[in-house]
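These notes are about the structure you will find just below.
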Amino acid sequence: QVQLVESGGGLVQAGGSLRLSCAASGRTFSSYNMGWFCQAPGKEREFVAAISRSGTTTYYADSVKGRFTISRDNAKNTVYLQMNSLKPEDTAVFYCAATIVNINTSPHMYGYWGQGTQVTVSS
């Protein structure tokens with residue numbers, strides 16, 4: 001089992017950057033494929049990015065390709081989401097999630113979730 005705690009959200013102007021972090025408990029962090037999802041008010045939770053256990057494979061939603069970068073440091077039990085060129089439409093609560101199955105983009109395949117961190121992008 002793994003517990004996840006996100007940090008790094010906040011208020012930023014359009015065009016700005018934020019770096020989200022997700023700290024995981026436990027000694028088996030490297031056993032999990034990790035993902036970032038976001039949920040805006042009134043919308044379903046959406047896939048943002050995912051990274052494999054070793055960090056060698058990454059997936060991105062089309063809307064964030066070229067702007068966001070997912071990475072992980074297994075020695076620190078942490079996964080990151082570097083967000084650049086932020087847009088007002090990126091405003092959402094961002095969640096990190098862990099899955100023991102293959103890396104994928106469906107939130108239904110992730111069994112462990114953090115509490116979320118709010119990202120607000122002003123125009």
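The values are calculated or read from the model by the stated rules, or taken from the named source; none is laboratory data. Please read these numbers as outputs of a predicted model, since none were measured by experiment. All Cβ positions, even for glycine, are placed from backbone atoms using ideal geometry, and neighbour counts span all protein chains on display. In case anyone asks, the SASA skips ligands and DNA or RNA and just uses the protein heavy atoms, side chains included. Shrake-Rupley method; radii C 1.70, N 1.55, O 1.52, S 1.80 Å.
This table checks each residue for (1) touching a helix residue (DSSP H, G or I) at 6+ places or on another chain (Cβ under 7 Å); (2) at negative phi; (3) assigned to a strand (DSSP E or B); (4) β-branched (Val, Ile, Thr).
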residue	(1), (2), (3), (4)
Leu11	no, yes, yes, no
Trp36	no, yes, yes, no
Lys43	no, yes, no, no
Arg53	yes, yes, no, no
> Any residue at all in segment 53-74 that is touching a Lys or Arg at 6+ places or on another chain (Cβ under 7 Å) and either free of Cβ contacts under 8 Å to residues at least 40 places away in the same chain or open to solvent by 20 Å² or more (accessible area, probe 1.4 Å) (or both)?
Replying inline: yes
>> Here is a list: Leu4, Leu11. Which entry is within 18 Å of Val119 (Cβ to Cβ), aliphatic (A, V, I, L, M) and either surrounded by 14 or more Cβ atoms within 10 Å (Cβ to Cβ) or at pLDDT below 95 (or both)?
In response: Leu4
> When Gly114 is evaluated against the numbered criteria (1) under 23 Å from Gln1 (Cβ atoms); (2) under 13 Å from the mean Cα position of the chain (by Cα); (3) free of Cβ contacts under 8 Å to residues at least 60 places away in the same chain, which criterion, by number, is the only one it fails?
Replying inline: (3)
>> Take the conditions among the basic types (Lys, Arg) and either buried (at least 18 other Cβ atoms within 10 Å of the Cβ) or in contact with a His (Cβ under 8 Å, 6 or more places away or on another chain) (or both) and apply them to Arg27. Does it pass?
In response: no
> Among the residues of segment 108-115, is any closer than 23 Å to Ser17 by Cα, among the aromatic types (Phe, Trp, Tyr), modelled with pLDDT of 95 or more and not in a helix (DSSP H, G or I)?
Replying inline: no
> What is the one condition in (1) touching a residue at least 40 places away in the same chain (Cβ under 8 Å); (2) open to solvent by less than 20 Å² (accessible area, probe 1.4 Å); (3) of a type outside the set (S, T, N, Q); (4) within 20 Å of Val12 (Cβ to Cβ) that Gly35 does not satisfy?
Replying inline: (4)
> If you go through segment 81-105 one residue at a time, how many are over 21 Å from Phe29 (Cβ atoms), not acidic (Asp, Glu) and not in a strand (DSSP E or B)?
Replying inline: 6
